[in-house]
């Protein structure tokens, strides 16, 4: 092996704590809880012989009785009049749209069971993130409202409408404002509905506010260029990307779109042409994007501002803000280096900042303008409409509410009582409003305060449209009738304002035919089929910065200065749970955080060395406190976190989300502050130990690989010299001796190739796999017991980047005295490797897991008796054991124990029973379906006929799947790549999944 | 002594049954005679202008698909139309109804609108004589039907529309019922009397102290002796016990293997649908109704709109004395369909069939793979379906049964390009041997269990 680096998954592994060693001795973390069970029934002694015989006798009797049963009467109810397009057993796909990206909804017998990206979508190009994948489960959520409410009492829609109309008329007559508070609305039809509503009630005022606000960027663009827009970024056109805490691959603005762009300059095709972008990242907490950066510089929140100003000065040679000093030498020297690189890449450079501060974004604009980014890597002429919320507008409305000028408030996709920093003030002010109505689909934190709750339908039950990017219109099509007695919010608004058209389908269609369809010269059916219409884009022109840098600099520096006290709090959006809107979604709650691998909780992320100085250790419960607000959270050691800072995720601590999401973690929104015209996602706090201890449900250290090097990486410079560098290949192959003969693979040989350089670790594949394969959610306690069921996991390995030091020996890790700030990360998706000489197959006593002639490792659940030998013998630790019937056991009431949510299950995949092993099947149901389709059409299988769920959703296209027997298939080509290596190749189990080395572009540093 | 009474009771029972049977057949034959009478009536009718025989042929060839004489089908019932409309009117309508409607004639437009503006096609091929022939046929046949309807009406029953059989049935069943009741009462009285006689005789016997000789008295000593002797023979006991164990065991073992195997399962279905009639007699292709078998994993039970393709017209009225067959009526009521107005209501109720072939959820089976790709006949698994009045599970549907077939059946690769790669490979190594599904991996676990 070329690499002498030491990789580790968690600090326990580095420090070799006794608990860790003890736990890792055993395959399963805990022994069987037999004793526990018996104690429950009152028998304390070990099972006596007589009881055993009794049980035997009963068993035999029961079995013989069961054998006497007659055929169960199963009813088979056909359609009365079958819709022409539906054939039971064959899925139908419909185009729709999720958050502005075109999607395909897979339905079976009329019920949506999976969401997939539309490969033609201009925004997401077929990729989907975890939230979109999980959204299909929201449709069947039983915590949603089953019908409209008036003052907490169930009402009919007719009575509710009459009540609302009367109340609205009264407010209108009183001359007070009718406010519609919504998150960003970019749907042309919804906008038109609101305009119609406003024409009936002229006192209407529409205020948009987003929990995750980008109004800083919009305001800064207005100040700098006179265009109040959110620009479109083009990471694919940038050779040097510098990010100041913008988590653009994980959660910032449009992460799937940016991942597609970002990866296009770092993937196989790009590397083949010896081209790779360089990415430098300054941030306090360890984000997904930071973990992918070529150089990541841990930067305190208070230093981000000065660093940005220094970068401007370094680039332009000016001295705004009186050349601020940067405490950290690492940051200061990095800024100098970065300036050089950016200047070299002028015209193909991009600087982004995750801050919502107007002044900060103004300086970023000035830098980008100086670098000539406008018109190349930033497009202001075809702006994004994904976020248009205005923090200042909401603040003004809040003042009006307090002074009693507002008579009615309607909430549309908006939950300020939970996710607004001034929630408390807002709740008080809401009491002064005479008429309140919410269109929330459940009685959420805001809806509990409203008189009327008129539940909105899920997007899979609705008509609608979206306009995520200028000129790109997507259609929202219903794929099922409303499951509960819900109604689209737009219909409610149309009804309450007595509009002539109340059928929203007719409304949307008329609106499209009037506007977009006429311009594009297309027909309605074209849109339904394609899912979107793209009008020709305007040419992106360059812009000259016309803002005031000096004022911005002083504002930034004073804000930074105010942060330089106590402990700096970085408040961020977690990749899976996001803003908390989908807080009641168990798939998202159980998706591990890409970096910390924590599920079902938020936590205080802190640098372990810094924690030592504070006397805090891992899993201590601490109080995070400032003058206004305090929460108790467990501590997590996060390598890479800047000293003097902690990070806490938003989106947790909901109280009215539903039975899954309630009381998971703590709400961090109240820590946000309103300063300089926008919300700031930073603050200062103090920490105090409460004396409590709470173990987080982490998947991090599970399934240890015993110190064997399984990830391989190289640098771009080395790669250019030798593409095979780092992959462990030295030109000559070993002579291998096999105990087993080779399998015949007369037809296909299904294999997979994974590009570690592309994979960002976002976790979309985990959710996609779970929805496709009915993988159960097990809950927090079970994850703590290391019983998560995910068929695919993303292993995350840390390495140290201490300059001048190469850590070669395990022992040396212990003596690392660095600050634990400078670590780098590799993400490695890991699933069943479908070894040709699989160790699991040889130890199964009942032949439940056997090899197929298509290179797959089959798992017959009904043959499995649960010895778990296979899991013990698997070198990759990818087999999962069903400890319980998670889908039908009241103790695991996470989501599936009701007749509604079970509708989401994929009918082509068995739900596994307690006591059997399961693992990745390479979506064998899709393989079989693909083969059958080819047989029915009497043709040879084509490459791409079968796409596995993880591959299909991957925003980075990191997973390639196909037939290795076809030399022209994508995957065959990928596996002949020089970078390809197999994990634990030395075991000669002949895995079917090949990986490609990660390449880091260390850029100027090496020069 | 008891023997007397029980024997006697048996006798009485059989006599009662016999009498009931005789009464039944007698009344039935009486009913038939009555029916025969009614059909003979009304055969003499006044001759029309045309030839009803030639008209019959023309009617069956051109009109019968949409018209019946006494019932509304696609078009109106034609009985009595010759009286209702003038000859000239009818000629115009039949030769070219769209043109006639276009003239705006009141009656023509009215009838066009009444039948949902579903126009009758023009028949330019008919000469005036042809039309006369058809009208003559309609008149003669119509008169026959009218007469048939009138005859029984005179008998006093109130039913009108084609209720010939129904009225007759009503009269006879009353008669039968009275007869039966009388027979039963008489039989009961006889039994009562005879019972009393037996009682008296028994009492007499006891009074006179006549004790019947006990025949079994001396026997048991010998009998038990042999049994005891055999019981003492250990070899015999061992033999007996082991035989019993083996027999019971092997039966038990066989039974255990058949746990959950429902071969022969034949549940009662909500509609007495006969595959014998549809697939056997009428030769309807299986996939006409089970269209999913070609393209999906489910063969699919046909939805009711497929039934209605035929049963909108096929109502089997001839078998039920002019009434719609009660089984076909079930389709109509499920769809909330009114056969008179031909309109669908808004309260349909789906039909809940009882599933016969229950594969466990853990086994994946795809019909299209077997039916379309492999070209297997339905009968191979479902048995002689075209002779089944009620469908039963013909095959055991066990895994052994699946695997045996996969081991024996040659893959249908001819003309299917999908198999090109595979066949080339196998031809090399298996010259002359047949390529079965098993050879291609058709008995691997993961092909059906996932």
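Okay, here's what the table says:
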| read-out | value |
| --- | --- |
| Subset tally (residues that are surrounded by fewer than 24 Cβ atoms within 10 Å (Cβ to Cβ), in a strand (DSSP E or B) and touching a helix residue (DSSP H, G or I) at 6+ places or on another chain (Cβ under 7 Å)) for segment A:638-674 | 1 |
| Tally of residues being within 10 Å of another protein chain (Cβ to nearest Cβ) and assigned to a loop (DSSP other than H, G, I, E, B) across segment B:329-341 | 1 |
| Segment A:932-947, residues that are within 13 Å of chain B (Cβ to nearest Cβ) and in a loop (DSSP other than H, G, I, E, B) | A:937, A:938, A:939, A:940, A:941, A:942, A:945 |
| Complete set of residues in segment A:623-637 that are crowded, with 17+ Cβ neighbours inside 10 Å, closer than 13 Å to residue A:686 by Cβ and free of Cβ contacts under 8 Å to residues at least 40 places away in the same chain | A:631 |
| Among residues of segment B:226-270, those that are farther than 30 Å from residue A:61 by Cα, within 12 Å of chain A (Cβ to nearest Cβ) and surrounded by 10 or more Cβ atoms within 10 Å (Cβ to Cβ), counted | 2 |
| Segment A:913-931: number of residues that are more than 15 Å from residue B:448 (Cα to Cα), assigned to a loop (DSSP other than H, G, I, E, B) and more than 23 Å from the chain's Cα centre (by Cα) | 4 |
| Candidates A:883, A:887 - the one that is away from chain B (no Cβ under 14 Å) and buried (at least 19 other Cβ atoms within 10 Å of the Cβ) | A:883 |
| Long-range neighbours under 7 Å by Cβ, at least six apart or interchain, first residue over 16 Å from residue A:821 (Cα atoms) and in the same structural domain as residue A:821 (by TED's automatic domain parsing) within segment A:589-618, second at pLDDT 90 or above and not in a loop (DSSP other than H, G, I, E, B) | none |
| Residue within segment B:225-235 that is in contact with a helix residue (DSSP H, G or I) (Cβ under 9 Å, 6 or more places away or on another chain) and either in contact (Cβ under 8 Å) with a residue 60 or more places away in the chain or within 30 Å of residue B:340 (Cβ to Cβ) (or both) present | no |
| Single residue of A:540, A:530, A:489, A:534 found to be touching a strand residue (DSSP E or B) at 6+ places or on another chain (Cβ under 9 Å) and at pLDDT below 85 | A:540 |
| Residue within segment B:300-307 that is in contact with a strand residue (DSSP E or B) (Cβ under 6 Å, 6 or more places away or on another chain), within 12 Å of chain A (Cβ to nearest Cβ) and assigned to a loop (DSSP other than H, G, I, E, B) present | yes |
| Residue list for segment B:345-364, restricted to those being more than 19 Å from residue A:77 (Cβ to Cβ) and either surrounded by 15 or more Cβ atoms within 10 Å (Cβ to Cβ) or touching a strand residue (DSSP E or B) at 6+ places or on another chain (Cβ under 6 Å) (or both) | B:362, B:364 |
| Restricting segment A:421-446 to residues that are surrounded by 24 or more Cβ atoms within 10 Å (Cβ to Cβ) and over 26 Å from the mean Cα position of the chain (by Cα), the residue that is nearest to residue A:670 (Cα to Cα) | A:438 |
| Qualifying residue in segment A:990-1004 (condition: in contact with a helix residue (DSSP H, G or I) (Cβ under 6 Å, 6 or more places away or on another chain), in the same structural domain as residue A:756 (by TED's automatic domain parsing) and more than 25 Å from residue A:290 (Cβ to Cβ)) | yes |
| Listing of helices (runs of 4 or more DSSP H) fully contained in segment B:342-450 that carry 1 or more residues being in contact with a helix residue (DSSP H, G or I) (Cβ under 9 Å, 6 or more places away or on another chain), more than 7 Å from chain A (Cβ to nearest Cβ) and touching a residue at least 12 places away in the same chain (Cβ under 8 Å) | B:379-382, B:399-408, B:445-448 |
| Selection status of residue A:410, over 29 Å from residue A:256 (Cα atoms) and buried (at least 24 other Cβ atoms within 10 Å of the Cβ) | yes |
| Residue in segment A:562-584 that is part of a loop (DSSP other than H, G, I, E, B) and free of Cβ contacts under 8 Å to residues at least 24 places away in the same chain present | no |
| Selection within segment A:799-816 - touching a helix residue (DSSP H, G or I) at 6+ places or on another chain (Cβ under 9 Å) and modelled with pLDDT of 55 or more | A:800 |
| Wholly enclosed helices (runs of 4 or more DSSP H) of segment A:16-102 bearing at least 3 residues more than 14 Å from chain B (Cβ to nearest Cβ), modelled with pLDDT under 60 and closer than 30 Å to residue B:260 by Cα | none |
| Condition check for residue B:326: at the interface with another protein chain (Cβ under 7 Å from one of its Cβ atoms) and in contact with a helix residue (DSSP H, G or I) (Cβ under 9 Å, 6 or more places away or on another chain) | no |
| Given (1) part of a loop (DSSP other than H, G, I, E, B); (2) more than 20 Å from the chain's Cα centre (by Cα); (3) at pLDDT 90 or above, number of the condition residue A:221 does not satisfy | (1) |
| Residue B:280 being more than 14 Å from every other protein chain (Cβ to nearest Cβ) and either in contact (Cβ under 8 Å) with a residue 40 or more places away in the chain or outside any loop (DSSP other than H, G, I, E, B) (or both) | yes |
| Subset tally (residues that are surrounded by fewer than 18 Cβ atoms within 10 Å (Cβ to Cβ) and in a helix (DSSP H, G or I)) for segment B:309-328 | 8 |
| Residues (assigned to a strand (DSSP E or B) and either at pLDDT below 90 or buried (at least 22 other Cβ atoms within 10 Å of the Cβ) (or both)) located in segment A:817-829 | A:823, A:824, A:825, A:826, A:827, A:829 |
| Identity of the residue in segment B:74-97, part of a loop (DSSP other than H, G, I, E, B) and farther than 14 Å from residue B:138 by Cβ, that ends up modelled with the lowest pLDDT | B:74 |
| Check on residue A:153, closer than 30 Å to residue A:661 by Cα, touching a helix residue (DSSP H, G or I) at 6+ places or on another chain (Cβ under 8 Å) and more than 14 Å from every other protein chain (Cβ to nearest Cβ) | no |
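The values are calculated or read from the model by the stated rules, or taken from the named source; none is laboratory data. Note that the structure is predicted; figures quoted are calculated from it, not measured. Virtual Cβ from ideal backbone geometry, glycine too; neighbours counted across all protein chains shown.
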